[in-house]
1. Scanning for something of a type in the set (D, E), touching a residue at least 24 places away in the same chain (Cβ under 8 Å) and in contact with a Phe, Trp or Tyr (Cβ under 7 Å, 6 or more places away or on another chain), does the range A:122-144 turn up at least one residue?
2. Out of all the residues in the range B:299-320, which are under 16 Å from B:R263 (Cβ atoms) and touching a Lys or Arg at 6+ places or on another chain (Cβ under 9 Å)?
3. Is one or more of the residues making up the range B:121-135 modelled with pLDDT of 95 or more, open to solvent by 10 Å² or more (accessible area, probe 1.4 Å) and outside any helix (DSSP H, G or I)?
4. For A:L30, which of the numbered conditions (1) more than 23 Å from A:G307 (Cβ to Cβ); (2) at the interface with another protein chain (Cβ under 7 Å from one of its Cβ atoms); (3) open to solvent by 10 Å² or more (accessible area, probe 1.4 Å); (4) not in a helix (DSSP H, G or I) fails to hold?
5. Of the residues in the range A:228-244, how many are open to solvent by 10 Å² or more (accessible area, probe 1.4 Å) and either in the same structural domain as A:V94 (by TED's automatic domain parsing) or not small (G, A, S) (or both)?
6. Can you tell me which residue within the range B:318-335, out of those that are surrounded by fewer than 17 Cβ atoms within 10 Å (Cβ to Cβ) and among the β-branched types (V, I, T), is farthest from B:R231 (Cα to Cα)?
7. Could you figure out which of (1) open to solvent by 50 Å² or more (accessible area, probe 1.4 Å); (2) out of contact with any helix residue (DSSP H, G or I) (no Cβ under 9 Å at 6 or more places or on another chain) isn't true of A:S188?
8. Only one of A:L89, A:L108, A:L98 is more than 20 Å from B:A19 (Cα to Cα), more than 17 Å from the chain's Cα centre (by Cα) and of a type outside the set (D, E); which?
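The values are calculated or read from the model by the stated rules, or taken from the named source; none is laboratory data. This structure is a prediction, so every number in the text was calculated from the model and none was measured. For neighbour counting, all protein chains shown are included, and Cβ atoms are generated from backbone atoms with ideal geometry for every residue, glycine included. Just the protein is used for accessible areas: all its heavy atoms, side chains included, with ligands, DNA and RNA removed. Shrake-Rupley method; radii C 1.70, N 1.55, O 1.52, S 1.80 Å.
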Protein chains: 2
Amino acid sequence: MPAMENGLTYKNAGVDIDAQDQALARIKELARATFTPGVLSEIGSFGGLFTLQPENPEAPVLVASADGVGTKLKVAQMAGKHHTVGEDLVNHCVNDILVQGARPLFFLDYLATGKLQPHVVVELVSGMARACQVHGCALLGGETAEMPGFYGPGEYDLAGFIVGLAFRDRLLDRNRVAAGDSLVALPSSGLHTNGYSLARKVFFETLKLTVDSYVPELACTVGEELLRVHRSYFAAVWPLVEAGLVKSAAHITGGGIPDNLPRALPPHLGAEIDLKSFDEPAVFRLIRQAGKVPEEDMRRTFNLGVGMILVVGEQHVGQVLSRLVLHGPGWIIGRVVEGAGVRFVGERVG
Amino acid sequence: MPAMENGLTYKNAGVDIDAQDQALARIKELARATFTPGVLSEIGSFGGLFTLQPENPEAPVLVASADGVGTKLKVAQMAGKHHTVGEDLVNHCVNDILVQGARPLFFLDYLATGKLQPHVVVELVSGMARACQVHGCALLGGETAEMPGFYGPGEYDLAGFIVGLAFRDRLLDRNRVAAGDSLVALPSSGLHTNGYSLARKVFFETLKLTVDSYVPELACTVGEELLRVHRSYFAAVWPLVEAGLVKSAAHITGGGIPDNLPRALPPHLGAEIDLKSFDEPAVFRLIRQAGKVPEEDMRRTFNLGVGMILVVGEQHVGQVLSRLVLHGPGWIIGRVVEGAGVRFVGERVG
C-alpha cells in the first residue's frame, strides 16, 4: 500500500482540508448575505457573536457555536463506552466560546442513530449532562433521531450546539494583539477530538491493534488513550478572561496550531512557536513513527500536546502563568511577530 | 415478506417510538439536573426557553431548538438535489420556536459527510441561507465535518440549531387553554420532514418506483413529491402571535397529531379532531393503500395534511381565520375537550 510506504497523511486518510477550504469560502459568502444588524462576529471565528441590542455597547453578547466529535465516535463505538464522547462534545463547545470571552449558558444536542439503543443514548446524555453541570450550563434540549438505513447497527453521530454570554468590553479581540505579545500554551489531555481518521488508521490498520491492546509507550490501552476526554479550559481560563488578562485565544482543534492560532491574531501578525518549550506527549510520537507521518501533516492534524494558546501582553505574563499553576500548568510557547503565518523554531532532535 | 402482507407500520419500518419514549424519560431526568435559574421551559416543549434575567419578567426570553431532516436526506441524495433539504431544516426549526411564540434570531448548522463534495455543501448551505433570509434570521455559523469511513460516498447528515426571541407576556402558553377553545389547522405542503423511513419503503420497495417515476395520482414524480419543502408557518402565524390571538400551537412532526397536539394542551385537556373537516392529500392516501398501513400508524407517523394547529379562544376564531386567508388558508379542525388524549371523529369514507 503506497500510502503507507510514503507515510500516512491526513489527505490520504480521507480528509481533504483544501477542498474544505474552497467550499468554506462560498459558504461564508452565502452566510454573510443573511447577516442582520445583531451579528457582531466575522465569519471564521470560533463562535458567532450576536447582540439583541446592536445600538447598545453595554448590552450582553450571545456567543454560539456548533460542533461534532468526529470519528472519535468510532472509537467509542468500538469500545462500547459512550459517556466520554458526551463530555468531549460539551467541552469542545465550551472551549470554542471561551476563546471569544464567553461563559456557557445552555447547550443542545443532536443525536442520530439507525436504531435507538436506550442504554447508549442514556450514556451519551449522562456524559453531556455531567459536563454541562460542571460548567453551570443548562442542557436545554435536543433532538434524538432514529434514521434506519442511514446509520449501521451500533453507529451514531452526535453534534452539539452551545450558546454563551459575553460582555462587549470583555470580548477577546484579536485586534488588540501586538507584535511582542506572549503566547501562553495550555496542555491538551490527548488527541482531544481531532485527527481521529489518521490516528485510527495508524492504530487499527498499520499497527493492527484493537481498543483493548496495551501499549507500553502509552502505559495504557489504545482505547483508554484515544478516549481521553477533551479537556475543558474553562476553570483555568475564565478567571483570566474576567480579570482582563487575556487579549485573545485559540482553541487548537482540526488544522492544529498552523490553522487555529492565526484565528486569534490580526491578519498582519504571525507567531513563532518554540518546539523546544515542551515535550510532545507519547501518543503523537507513536503516531508519527508508526504511520511515517510527515511533520507538516502532524502539525496540521493534531494538537501535539497544546490544546489552547492564550495571547497575553508582556505585562500580564507573570500573573497569567502563576494563576495557571493550579490548573495545568501553562508555559510560554512563543511570541507574536510581524508578518502573517506560524513559524516553528527550535526543531526537536529525534 | 410478512411485514408487507400485514401492512407496513412505522415500527417494522425500523422506528420504535416506544423505545424512544423510554430513553427520553431518563434523558429528561438527566437534563433537569443541569437546569439553572435561567431555564423557563418544561422539558418536552417544542423549544427550550432561557432568560438572561430570571428575576425580571419583562426581560426577553431566548427560545432554542435543535432538529434534523431525517431520512428525507436519503431522497435528496438519490435525486442529487440538495438545496431543498437546507430549506426544510431551517423551516422546521423556525416552526418549532414559532409555536412557543418566538421569532428567529440566528441559526447554526452541523453537516457531516464522508468525503466533502464542495458543490453539495454549497447547495445545502444555499438552501439554508435562502430560508434564513426569508425569516430575517442570521446564518451565524456551523460545523462542516469530514468523517471518512463514517458516511458512505455521497451520504451526509444535516442538523440545525436555532435561537429565537420571545417576550414573556407573548409566549404561547398551554396553561391558558380551556375546554371549548377552537383548533385551527394549517395545511402542510406534503410529508414535511417526517415519516420518510416508511414512505421510502412504500415508494422504493413496495411500489419499486424511483425518484424519477411519474405518479399520476400525485401529478408529479416521486422525487418531486417527497422533496417538497417543509412549509414555514412564520409569515402566516407570527402576526397572529404578535396580536395575541393565539393561546398555544403545535407543530405536527414525528408522532403526528396524537403525539404533538397534546404538547400544546394542559395535561387535563384533550382534543377532538374532525376528519371530515379536510381532504387528505393524495400522497398519504397512496402510502396508506400501497403499504397497507394501519390507520393508527398513519396517524402517528404522518401529518396527513395538517402541518400546524393553533389553539384559539372562541372570540378570536373569526379574526384568525380571516387573517389566514392570505396564507393558506386555515380551517377549524376541531376543539379542545375535557380529558387527556386526541379523539378522531367523523371517519372518512373510502
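1. Within the range A:122-144, one or more residues are of a type in the set (D, E), touching a residue at least 24 places away in the same chain (Cβ under 8 Å) and in contact with a Phe, Trp or Tyr (Cβ under 7 Å, 6 or more places away or on another chain).
2. Residues satisfying the conditions are B:G307, B:M308, B:L310, B:V311.
3. Within the range B:121-135, one or more residues are modelled with pLDDT of 95 or more, open to solvent by 10 Å² or more (accessible area, probe 1.4 Å) and outside any helix (DSSP H, G or I).
4. It fails just one condition, (4).
5. 7
6. So, considering only residues that are surrounded by fewer than 17 Cβ atoms within 10 Å (Cβ to Cβ) and among the β-branched types (V, I, T), the one farthest from B:R231 (Cα to Cα) is B:I332.
7. (1)
8. Matching residue, one of A:L89, A:L108, A:L98: A:L108.
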